[in-house]
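Worksheet: the structure to be examined is printed underneath.
Quick note: the coordinates plus some simple rules give every number you see, no bench work behind them. It should be emphasised that the depicted structure is a prediction, and the values quoted were computed from it without experimental measurement. Cβ coordinates were reconstructed from backbone atoms using ideal geometry, including for glycine residues, and neighbour counts include every protein chain displayed.
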Amino acid sequence: MSNFRNDIINLGKDEDMYYVSFGSGDKQLVIIPGLSDGLVTVKGKGRMLAKYYKIFAKDFRVTMFSRKNQLKKGYTIRDMAHDQKRAMAKLGMKDAYVYGISQGGMISQCLAIDYPDMVKKLVIGVSISRQNPYMKKTVENWIRMAKDGRYGDLIEDTIKRTYTKKKMKRYKFFMPIIKRIGKPKSFERFLIQAEACLTHNAYDKLSKIKCLTLVIGGDSDRIVGLNTSEEMAEKIPNSKLIIYKGLGHGAYEEEEQFHNEILKFLLQST
């Protein structure tokens, strides 16, 4: 918990990226967060993230990256993977273990496809490899809310789609507060990242992922839709699939074994 670092990395002229790192292990674990990065980056979140992901801290030096700070309209998931590779190279990372969550899972797919020497093992959590009608409708609705400045509605819809009814009961009384805190000064960063989700399509290239891969999610995902994990696992040659029944996009928070299964997979010798 005390071995955390909040920092920024220079990627080149007028380009930089926030990251946090923690843990005392001798192996490198890169975590790539989801679309929430469009609303709030990892800047200054080292202590909080070290606590949340402490299960990995003994065996790994964990680094979580935000997207770079200078995003332009038309920025794609593949562009994000390219910049992720640049950031890892700057920090001397190669052959790292990579865990991508939601949109981070999309980025991690492209990272493993385009830069195979950067990824030793891959975990794709609650993600998708190509657009489908369900995800398209969900993200387009979020884009409309963001363009209208309806932050509270955006947060409420995200939470309702992420968690089960059981989990939602815990949010019921705090929802009015949650909807008012954390509103960004501008939605531009969120909109660019959200629009990138709509053009992502790595499905036909998934067979190029050669590293051992764990695809993990829930069977009731109300953000990316159903069977997205299954279709990825079918296309990735050296893959293992774990699906939690009755859980959706928030399976990584609601299922106690979620991160235990990831750690087990990462530490397996074969």
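For the stretch 1-130, just say rounded, prolate or oblate: build the C-alpha gyration tensor, square-root its eigenvalues into a ≥ b ≥ c, call rounded for a/c under 1.5, and beyond that prolate if a/b exceeds b/c, oblate if not.
Note, shape of the stretch 1-130 comes out rounded.
For the stretch 126-199, what does the alpha-carbon gyration tensor say about shape, rounded, prolate or oblate, given a ≥ b ≥ c as the root eigenvalues, a/c under 1.5 as rounded, and a/b over b/c as prolate?
Oblate, since a/c reaches 1.5 and b/c is not below a/b.
So which of K147/K185; K45/K120; K54/K90; K205/K235; K51/K245 end up more than 20 Å apart by C-alpha?
Result: K45/K120; K54/K90; K51/K245 exceed 20 Å.
Which order do the peptides 230-241, 118-129 take when ranked by the mean count of other beta-carbon atoms within 10 Å per residue, highest first?
Per-residue Cβ counts within 10 Å, averaged per peptide and sorted highest first, yield 118-129, 230-241.
Where does the chain land at 222 nm, in deg cm²/dmol rounded to the nearest 500, when only DSSP H runs of n ≥ 4 count, each adding -39500 (n - 2.57), divided by all residues?
About -11000 deg cm²/dmol.
Tell me, in nm to one decimal, what length is gained between D117 and I177 on full extension, where the rule is 0.36 nm per residue of separation less the Cα-Cα distance?
17.1 nm
Give the distance, in whole Å, between the Cα centre of the stretch 169-229 and the Cα centre of the stretch 93-113.
Comparing the Cα centres of the stretch 169-229 and the stretch 93-113, I get a distance of 14 Å.
When a/c reaches 1.5 or more, the comparison of a/b and b/c decides; with that in mind, is the chain rounded, prolate or oblate per its Cα gyration tensor?
Since a/c stays below 1.5, the shape of the chain is classed as rounded.
For a protection proxy built on the mean count of beta-carbon atoms within 10 angstrom, sort 144-152, 13-21, 37-45 highest first, please.
Result, highest mean first: 37-45, 13-21, 144-152.
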